[in-house]
Amino acid sequence: MSGDVHTLGVAALARALQSGRLSSVEATQALLAGTARHAELGTFLVTNEAKAMQQAQAADARRARGEAGPLTGVPLAHKDIFVTDFARTGLPSTAGSKMLAGYQSPFDATVVARLHDAGTVTLGKLNCDEFAMGSANENSAFGPVKNPWDLQRVPGGSSGGSAAAVAARLVPAATGTDTGGSIRQPASFVGVTGIKPTYGVCSRYGMVAFASSLDQAGPMARSAEDCALLLSAMSGFDARDATSAQRPPQDFAAAMHTPRASASAARPLLGLRIGLPKEFFPAALAADVEGAVRGALAELENLGATLVDVSLPRTELSIPVYYIIAPAEASSNLSRFDGVKFGHRAEHYADLMDMYKKSRAQGFGPEVKRRIMIGTYVLSHGYYDAYYVQAQKLRRMIADDFQACFQRCDLIAGPVAPTVAWKLGEQGDDPLQAYLADIFTLPASLAGLPGMSVPAGFGAAGMPVGLQLIGNYFEEGALLHAAHALQQATDHHTRVPSGY
């Protein structure tokens with residue numbers, strides 16, 4: 001059944017492997033062939049067939065010995081913000097930047113290592129905005145990614161390569177990272193499911209840093225069930241990450257399937273209170289997006305949930321707060337890339353200072369330079385207290401707003417983005433417009449809360465629309481349960497772009 005591999009999500013593929021109807025070698029061969037046929041999307045930066053086949057053969061042997069787990073032999077791909085052991089995978093780690101072109105990591109990121117230990121097969125590395133900075137995946141040094149629903153549109157960013165690869169059925173799942181919405185927004189733009197867990201649930205070790213107090217890894221797949229399987233393997237305490245949450249391993253798939261008290265098969269969400277912040281439904285929200293989101297909310301009501309009006313009064317402040325804190329942390333993190341120990345080095349320079357300047361000027365793209373400059377400015381003498389300290393105070397207040405809401409509801413819902421995916425190059429001359437598009441995803445990121453995007457329908461020009469669900473700290477199970485119930489009652493997540 002290798003010809004059907006592209007139609008299978010993680011859970012379905014795992015069942016096919018378990019039953020013996022399909023081998024990991026067959027699945028890997030079929031998916032690599034599909035990847036080669038659809039290079040026009042720009043999703044993959046690199047693959048290594050020989051190394052992938054070695055991993056698939058090892059997974060089949062592991063299954064033959066009776067040592068298989070739920071993910072053994074399942075092929076997937078990693079966002080190129082995660083470093084991968086070059087000796088094991090044959091895959092360089094670039095973070096989508098010329099600064100790291102060809103970099104050969106001597107180790108795996110923790111997320112990559114844990115999925116490898118679970119038996120998954122790494123097909124390759126996926127394109128992303130340079131150093132995860134962007135909302136369209138147009139900032140990669142290696143070319144943009146295109147939306148498989150419309151090749152003239154963006155797939156969202158920064159995890160656009162991951163999202164597009166899953167939507168186009170090139171892979172059953174992929175890893176992504178979310179700093180200000182970089183899992184949820186691209187998932188919404190291409191019609192897949194993506195979850196950003198609570199800050200600290202997944203280790204940041206081996207994730208090329210953008211904004212350390214915000215960056216978080218998460219899975220992107222076709223369904224909540226697929227995401228739950230992956231998140232179970234990816235998460236857990238890591239002593240090498242000082243911000244890792246010290247919590248025991250969790251079976252998110254089991255949590256997703258645990259029924260609510262007093263719920264029934266027909267109304268699995270009975271008793272669930274879903275808050276609707278008025279700030280998430282402004283007059284400027286595109287009518288087609290609001291229509292799809294309202295339709296999904298009505299379906300949640302049919303499944304037993306109760307909708308409650310709430311308020312997050314500092315939502316608009318999340319944009320200036322984020323675009324002070326994130327660039328400040330980026331300025332600090334990216335200072336290590338100077339052409340000395342690793343990274344791009346200019347060929348011709350007069351002295352050490354000239355080498356620094358030329359190497360960084362050549363290695364970094366425009367958006368990365370913009371954020372470094374902003375971050376250096378807000379951290380400079382005379383501006384630190386006026387900007388950075390004030391932003392951190394407001395960040396605490398934004399988190400407090402969420403806690404006030406959770407006194408009245410269990411989950412919060414709304415749109416992921418104000419519009420459907422825009423045309424390629426449309427916002428290239430106005431980066432502020434792309435920043436404003438993050439208004440609904442930034443608050444949860446600043447608060448460190450878990451959030452996910454669930455396909456909710458389609459808007460203008462037949463483009464996908466996502467429903468955002470936000471939970472309280474470490475309530476990923478509740479998010480996945482609600483998303484799974486919605487996906488059992490709807491088929492938006494099963495729709496495939498034409499030609500894929």
Next item on the list: Evaluate the following for LEU300: is it crowded, with 22+ Cβ neighbours inside 10 Å, in contact (Cβ under 8 Å) with a residue 40 or more places away in the chain, of a type in the set (A, V, I, L, M, F, W, C) and within 30 Å of VAL378 (Cα to Cα)?
Entry: no
Check: Residue check, LEU270 against (1) within 26 Å of LEU317 (Cα to Cα); (2) in contact (Cβ under 8 Å) with a residue 12 or more places away in the chain; (3) not aromatic (Phe, Trp, Tyr), all met but one. Which one?
Finding: (1)
Checklist line | Count of the stretch 358-369 residues which are charged (D, E, K, R) and either touching an Asp or Glu at 6+ places or on another chain (Cβ under 8 Å) or at pLDDT below 95 (or both) | finding: 2
Notebook entry, point to check: If you check PRO443 against the conditions, is it at pLDDT 95 or above and either touching a strand residue (DSSP E or B) at 6+ places or on another chain (Cβ under 6 Å) or over 24 Å from THR258 (Cβ atoms) (or both)?
Noted result: yes
Next item on the list: Provide a single number: the residues in the stretch 285-305 that are out of contact with any helix residue (DSSP H, G or I) (no Cβ under 7 Å at 6 or more places or on another chain), under 17 Å from ALA437 (Cβ atoms) and in a helix (DSSP H, G or I).
Entry: 5
Check: Do we have GLY477 as of a type outside the set (A, V, I, L, M) and buried (at least 24 other Cβ atoms within 10 Å of the Cβ) here?
Finding: no
Checklist line | Condition broken by GLY66, with the remaining ones in (1) part of a helix (DSSP H, G or I); (2) at pLDDT below 95 satisfied | finding: (1)
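Results for (1) closer than 25 Å to ALA266 by Cα; (2) over 19 Å from the mean Cα position of the chain (by Cα), shown as yes or no for each residue.
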site	(1), (2)
GLN433	no, yes
PRO455	yes, no
GLY466	yes, no
ILE470	yes, no
ARG495	yes, yes
Item checked: the stretch 339-366: number of residues that are in contact (Cβ under 8 Å) with a residue 24 or more places away in the chain, small (Gly, Ala, Ser) and either within 20 Å of GLY134 (Cβ to Cβ) or exposed (fewer than 15 other Cβ atoms within 10 Å of the Cβ) (or both) -> 3
Check: Filter the stretch 77-92 for residues that are touching a helix residue (DSSP H, G or I) at 6+ places or on another chain (Cβ under 7 Å) and hydrophobic (A, V, I, L, M, F, W, C); which is farthest from SER203 (Cα to Cα)?
Finding: ALA77
Notebook entry, point to check: Is it fair to say LEU276 is in a helix (DSSP H, G or I), of a type outside the set (Asp, Glu) and under 24 Å from PRO197 (Cβ atoms)?
Noted result: no
Note to self: Please go through the stretch 138-190 and give me each residue that is among the charged types (D, E, K, R) and over 23 Å from LYS369 (Cα atoms), ordered by number.
What the structure shows: LYS146, ASP150, ARG153, ARG169, ARG184
Notebook entry, point to check: Quick check, is THR84 farther than 14 Å from VAL171 by Cβ and touching a His at 6+ places or on another chain (Cβ under 9 Å)?
Noted result: yes
Next item on the list: Of the numbered conditions (1) farther than 30 Å from VAL368 by Cβ; (2) free of Cβ contacts under 8 Å to residues at least 60 places away in the same chain; (3) surrounded by 24 or more Cβ atoms within 10 Å (Cβ to Cβ); (4) polar (S, T, N, Q), GLN29 fails exactly one; give the number of that condition.
Entry: (3)
Notebook entry, point to check: Quick check, is VAL46 in a helix (DSSP H, G or I), surrounded by fewer than 23 Cβ atoms within 10 Å (Cβ to Cβ) and not hydroxyl-bearing (Ser, Thr, Tyr)?
Noted result: no
Note to self: Quick test of your reading of the structure: ARG336 fulfils all but one of (1) in contact with a helix residue (DSSP H, G or I) (Cβ under 9 Å, 6 or more places away or on another chain); (2) surrounded by fewer than 18 Cβ atoms within 10 Å (Cβ to Cβ). Name the failing condition by number.
What the structure shows: (1)
Next item on the list: Mind listing whichever residues of the stretch 252-270 are modelled with pLDDT under 95 and of a type outside the set (A, V, I, L, M)?
Entry: HIS257, THR258, PRO259, ARG260, SER262, SER264
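For every residue, the table says whether it meets (1) in a loop (DSSP other than H, G, I, E, B); (2) surrounded by 24 or more Cβ atoms within 10 Å (Cβ to Cβ); (3) within 20 Å of the chain's Cα centre (by Cα).
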| site | (1), (2), (3) |
| --- | --- |
| SER93 | yes, yes, yes |
| MET99 | no, yes, no |
| GLY102 | yes, no, no |
| VAL112 | no, yes, yes |
| THR122 | no, yes, yes |
| LYS125 | no, yes, yes |
| PHE131 | no, yes, yes |
| SER135 | yes, yes, yes |
| GLY143 | yes, no, yes |
Notebook entry, point to check: If only one of ALA101, ALA61, ALA95, ALA141 is in the same structural domain as GLY218 (by TED's automatic domain parsing), of a type in the set (Gly, Ala, Ser) and free of Cβ contacts under 8 Å to residues at least 60 places away in the same chain, which one is it?
Noted result: ALA61
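The values are calculated or read from the model by the stated rules, or taken from the named source; none is laboratory data. Computed from a predicted structure; not experimentally measured. Glycine gets a Cβ as well: all are built from the backbone with ideal geometry, and neighbour counts include every protein chain shown.
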